[in-house]
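Scroll down for the structure; my scribbles are underneath it.
The values are calculated or read from the model by the stated rules, or taken from the named source; none is laboratory data. Only a predicted model underlies this, so the values are computations on that prediction, with no experimental measurement involved. Cβ coordinates were reconstructed from backbone atoms using ideal geometry, including for glycine residues, and neighbour counts include every protein chain displayed. Ligands, DNA and RNA are excluded from the accessible area calculation, which covers all protein heavy atoms including side chains. Shrake-Rupley method; radii C 1.70, N 1.55, O 1.52, S 1.80 Å.
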Amino acid sequence: MKTVAVIVQDGFAPFEFGVACEAFGLDRSDDGIPNFDFRVVTPDPGVVKSKLGFSLNVDDDLSFAYEADLVVVSPTPRQYWRTNDERVLDVIRDAVAREAWVMSVCSGSFILGAAGVLDGRKATTHWMYADVMAEMYPAVEVDPDVLYVQDGRIITSAGTAAGLDACLHLLRQELGAEMTNRIARRMVVPPQRDGGQAQFIDRPLPQVQSLSLAPVSDWMLDHLREELTVDQLAAKAHMSPRTFARRFKADFGATPAAWLARQRIIHAQRLLEKTDLGLDRIAYESGFGSAAVLRQNFSRALGTTPTAYRARFCCTLEAMDAATPTLESVA
């Protein structure tokens, strides 16, 4: 992926637009991360009004979007959902037809729905609008309970921070785990939130006593190679297994088993990128036990094999090492 086009129209949402700019538009070459040819486009170049009263002066029309490797759709206000610009819909249809990446943030999924590219696919949007989307586009399988959904090369995401999660999910596929973690650290956001997590949790601001789960989750990360049970983890948290499982899901948005499985995949990705360890050793270090189990879980989570993943991303290490300051260079 080398080129990224973000489509804005009158009434665009500034935060969701900013998410795409932050994820794909910044120059991170000092960190050994390749830059994208990033452009903001609109059907009629000139002044484009946001929903919050300020405007952008956009120079580029939609021509660049017809060639972009990724087309991102910024959401528009609800009153525009049934009156879409056919020129934008044509760009989206073309991108899907030529197998480019297409991403919507929050209610931008309604524009993808209007283009017809979500028919017969799974998708999501902000939970407040999920019922409306399901009613407007019955051919789309709308899931209101997840952060983002990837179906083929189309990614739809829920509101606000879920858009960043979706961007990091795509970057992980294009740049690998280590580079994406670098990007996430610069954003000061966690790199590992999985799309299957709930859009919102029962207690968004956990009670003070639930902070006791932080040491347990840290301990889990330090013992990935071991077989960890809920009973064992609950004992460390000084809770009953039932209470621990309920509180863990409320605080982390996933069950202990699902969260642990995701951390093991991420650790395996890092080992594949940064070491020459064999698959059996990587499977042991990441807690999968055997290469066969690693392959099964890796393919299910990422849609590729560990060997193919290593072949794609291990070559990025030279660039990352070159970008990492040494004591001599700092001095």
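With a probe of 1.4 Å, find how much accessible area the stretch 48-114 has per residue, and write the answer as a whole number in Å².
Details: 3020 Å² over 67 residues.
Each residue of the stretch 48-114 exposes 45 Å² on average to a 1.4 Å probe.
Work out, step by step, the length gained on full extension between residue 280 and residue 153: first 0.36 nm times the residue separation, then minus their alpha carbon distance; give nm to one decimal. Walk me through the numbers on the way to the answer.
Details: separation 127, 0.36 × 127 = 45.72 nm, distance 3.10 nm.
Stretched fully, the residue 280-residue 153 segment lengthens by 42.6 nm.
What list of ³J(HN,Hα) couplings, whole Hz, do you get for the stretch 135-147 from phi and the Karplus terms 6.51, -1.76, 1.60, once you set θ to phi - 60° and write x for glycine and proline?
For the stretch 135-147, the Karplus-derived couplings read 6, 6, 10, x, 7, 9, 8, 8, 10, x, 10, 10, 6 Hz, x marking Gly and Pro.
Out of residues 5 or more away from residue 151 or on other chains, whose amide H comes under 5 Å of its own, with H placed 1.01 Å from N in the peptide plane?
Excluding prolines and chain starts, which carry no amide H, the hits are 156.
Starting from the Cα of residue 44, step 7 Å along the direction of its Cβ; do the same at residue 312; then give the gap between the two resulting points in nm.
According to this spin-label approximation, the distance is 4.1 nm.
Could you give log10 I(q)/I(0) at q = 0.21, 0.30 Å⁻¹ for the stretch 72-132, computed by the Debye formula over C-alpha point scatterers of equal weight, without solvent?
-0.80, -1.54
Karplus couplings for the stretch 78-83 from phi (6.51 cos²θ - 1.76 cosθ + 1.60, θ = phi - 60°), rounded to Hz, Gly and Pro as x?
4, 5, 9, 5, 9, 10
Give the separation of the Cα centroids, the stretch 168-189 to the stretch 134-161, in Å.
Using only Cα atoms, the two centres lie 22 Å from each other.
So how far, in whole Å, is the C-alpha centre of the stretch 6-45 from the one of the stretch 109-123?
22
Suppose a student asked you for the relative contact order of the chain, using Cα pairs under 8 Å spaced at least 6 residues apart; what percent would you report? Display every interim value, and only then the final one.
On the way: 553 pairs, mean separation 41.6, N = 331.
It comes to 13 percent, rounded to a whole number.
Looking at the stretch 7-67, which GluC sites (Glu not before Pro) are in a loop (DSSP not H, G, I, E or B) and have at most 15 other Cβ atoms within 10 Å? Show your work: numbers first, answer last.
Working: sites: 16, 22, 67; in loops: 67.
Here the GluC sites (Glu not before Pro) that fit, given the DSSP loop and packing criteria, are 67.
Can you give me the distance in nm between label points at residue 2 and residue 229, each placed 7 Å from the Cα along the Cα-to-Cβ direction?
Modelled inter-label distance: 5.4 nm.
Any chance you could look up the accessible area of residue 137 with a 1.4 Å probe, heavy atoms only, rounded to 10 Å²?
Only protein atoms counted, so the area is about 30 Å².
Which ³J(HN,Hα) values in Hz, rounded to whole numbers, follow from the phi angles of the stretch 292-300 under the Karplus curve 6.51 cos²θ - 1.76 cosθ + 1.60, where θ = phi - 60° and Gly and Pro get x?
The phi angles translate into 5, 5, 4, 4, 4, 5, 5, 5, 5 Hz.
Taking 7 Å along the Cα-to-C-beta vector as the label spot, tell me the residue 56-residue 87 distance in nanometres, rounded to one decimal.
Those two pseudo-labels are separated by 1.5 nm.
Under 10 °C and 1.306 mPa s, how fast does the chain diffuse according to Stokes-Einstein, given a Kirkwood radius computed over C-alpha pairs? Answer in µm²/s, whole number. Working shown, then result.
On the way: Rh = 21.3 Å.
The diffusion coefficient I find is 75 µm²/s.
Please list 81, 127 in order of solvent-accessible area, largest first, computed with a 1.4 Å probe with all protein chains present. Could you put the intermediate results ahead of the total?
Working: 81 10, 127 125 Å².
Highest to lowest solvent-accessible surface, that is 127, 81.
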